[in-house]
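Throughout, read-outs are computed from the coordinates displayed, never taken from laboratory work. This is a predicted model, so every value here is computed, not measured. Please note: Cβ atoms are built from the backbone with ideal geometry, for glycine as well, and neighbour counts cover all protein chains shown.
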Amino acid sequence: MATIQPSRRQTPVSLTYEEKKAICLWHGRDPSLPQRKLAERAAREFALTRAPAQGTISTILKDAKNILTTRVEDLKSKRLRAVTFPNVDKALANWVLLYQDRRVTVSGDLIRMKAQRLAAKSGVAPQEMLAFSNGWLDAFKARHNFKEFKLHGESGSVCTQDIPSKIASVRDVLKLYALQDIYNMDETGLFLKMCPDKTIAQRQKEG
């Protein structure tokens, strides 16, 4: 029988608080169980399309104390009662995680726009469509542990060994343009349609 392997570079799997709690309990009963095995068991028992990534399991276990002390009543109020269209909610969370994995900036406006499109695509009638207000966005972020992170122009975790080759690559590109056509967009004052300075994700995005 083939084993289910955690996927790589695919849309991340969104788990409910109940599912995360179960994973923490499995680990508590057998701390020696590898995270890969926990992911495989989660895929089987929760009928997931694929196993959660190792990074997802690691994040859950690091937050085990908080997850295990959350009451069932709190889980229902945060996760179940507020969700009108659970399929849309889960698809939207997976979409945010996918773009987080690709290091793409995701703003609140972008999430609302995507939510509306997913709802329409899933057959939600116009008269039943949610407003996707700021309150809805806050609840969505809380359900999936999404937070706002400030974006930085330069990353503090740059690999210094890669710098010489990257500089040489940039210089090769610059040779194709006249000096008056070259701009440093990080320092310039051109703010037309400026990108958001914050992103919504479960972890800090590198610069």
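Fully extending the segment from Phe46 to Asn145, taken as 0.36 nm per residue of separation minus the present Cα-Cα distance, adds 33.7 nm. Cβ crowding within 10 Å, taken as a proxy for footprinting-reagent exposure, orders Thr70, Thr49 from fewest neighbours to most as Thr49, Thr70. Pairs from the list Lys65/Lys141; Lys90/Lys166; Lys62/Lys147; Lys62/Lys166 with a Cα-Cα gap above 29 Å: Lys90/Lys166; Lys62/Lys166.
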